[in-house]
Amino acid sequence: MKNSIQTLVKEGKETISAFSKDVKNSVEYWKEDINQNTNKIKLEIESIQETVKKLEENMPKASKNEGNQ
């Protein structure tokens, strides 16, 4: 009985240790993936903002009379 309990405790510690390592690795991978996506999103937003700015600059200015028609 004593040997069985010792074996069970040892296996439990090994299992928990392996599980903990897997969770830590998964969290690190997730953080890296999130950071990459965040950077991509920031670049896309900057590109969209620049495009909107260029469109606004190239649009003809509306005259005051056009608003009254």
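The values are calculated or read from the model by the stated rules, or taken from the named source; none is laboratory data. These figures come from a predicted structure and were not determined experimentally. What goes into the accessible areas is simple: the full protein's heavy atoms, side chains included, and nothing from ligands, DNA or RNA. Shrake-Rupley method; radii C 1.70, N 1.55, O 1.52, S 1.80 Å.
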> Out of curiosity, is Asn68 open to solvent by less than 100 Å² (accessible area, probe 1.4 Å), modelled with pLDDT under 90 and not hydroxyl-bearing (Ser, Thr, Tyr)?
Replying inline: no
>> Which count do you get for residues in the stretch 40-55 that are open to solvent by 90 Å² or more (accessible area, probe 1.4 Å) and under 19 Å from the mean Cα position of the chain (by Cα)?
In response: 6
